[in-house]
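Read the figures in this text as sums done on the coordinates, not as results from a lab. Note that this is a predicted model, so its numbers are computed, not measured. Cβ placement follows ideal geometry from the backbone for every residue including glycine, while neighbour counts extend to all protein chains displayed.
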Amino acid sequence: MLLNLPRTFVLNEEGYALIQKLVQLRMDEDLAFEYHGLRTIEEKHRNMPLSTGMVQTLSRAPKNHAAAKAAERIRKKEARKTCWADKNLSPLPPSLKNMPVEPLIKRFNESSHGRIQLFLIMQEVMHTPVYEDAVRFQDAVEETNHSEHADTISQICGFGSWGRNIQKNTETFFKEIRDEGGTMLQWGISGPAGYGSVAAALDLPALAPAIAGLLGSSGEAAFTADLAIMGGGSVAVGGFGTADGMTVLAGGSSLLGAVAGGSAGNLLGQIPHEAVALSVVKAINLIQYLKSDDNRDRAGTIHMLNQAQELFLGFKHQAEREMALHGIYGSKKDMMQMFHILNRAFRQIMK
């Protein structure tokens, strides 16, 4: 079930594999930074003059403690990385599992359509929470220097500073809609649960029944698809699509497409505003890129820009219709919060 979406938003198994590999690269970059920090602490500790005096004894103890904490953090991250790879990389076909990221990126760069898909892939990687429990998003370990790692991924994909642009645009959007009132984002947008880990702040398991009817699935299958259709994080934490699990909807398109197609009914009333906002801001980021001078083929991708704008406008129209005619929200505050999200997004895409 692909919700009649434009093909730009539908990735094949190569796109899915590239998302997984780039997320793993983010983890590798983060762990390299952690190991460097641990070596620095240990080196400073070894170079401290030996002394039996009380002052020296007290000054050495914190560094021992710091090294132990760093080592434990690395241990947890390595364990999470292994579990994540077993779940997401091991099932890939051997030809893709063993392929480096460079040839995959090159394939997407061979056409204007592929390059726009590569942007969506890069954006999904930016929004994927790492080191969290891939089933229930509990006991998260904080990623260090997320901005640096986002920049690395963006550079590898050939998008320059757009990794940081996505970060900035997303965080600004969430801050603005939070400042406009409502009940969302009470947990805050900065810190470990920042925009890159929105999924971790949501009670996703409880939402599976709301999605199951739309997808024609139930149980664990509904929960897995739930992660992607809401845009809560990335397709990289669950995947979504056909029976073989290798056709993936990207860029927040699954939720937007479902609602824009009129097939969602009261689905919006059962989904947290945070999840809707993240799906919307992914579409905004794509539209802004397509309009920018960084888009190498603006003339050749004008139809993709039109499709992305029509997808959002269709979503906005249907969401407002549901609110006006069917009263999908239990309070005026919740309804006004959704209007804020839609109107803020509309102003962004009209720039």
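Packing order of peptides 69-79, 108-118, highest average first: 108-118, 69-79 (average count of other Cβ atoms within 10 Å over each peptide's residues). Here the Karplus curve 6.51 cos²θ - 1.76 cosθ + 1.60, taken at θ = phi - 60°, turns the phi angles of segment 291-300 into couplings of 7, 7, 5, 6, 6, 5, 9, 5, 5, x Hz, with x standing for Gly and Pro.
Here the 3J(HN,Hα) profile of segment 302-312, calculated from phi with Karplus coefficients 6.51, -1.76 and 1.60 at θ = phi - 60°, is 4, 5, 5, 4, 4, 5, 5, 5, 5, 4, 5 Hz, Gly and Pro shown as x.
Starting with the highest mean, order 148-156, 284-292 by the number of other Cβ atoms within 10 Å, averaged over the residues of each peptide. Don't skip to the end; give the middle numbers.
Details: 148-156: 19.0, 284-292: 20.8.
Highest-to-lowest ranking by the protection proxy: 284-292, 148-156.
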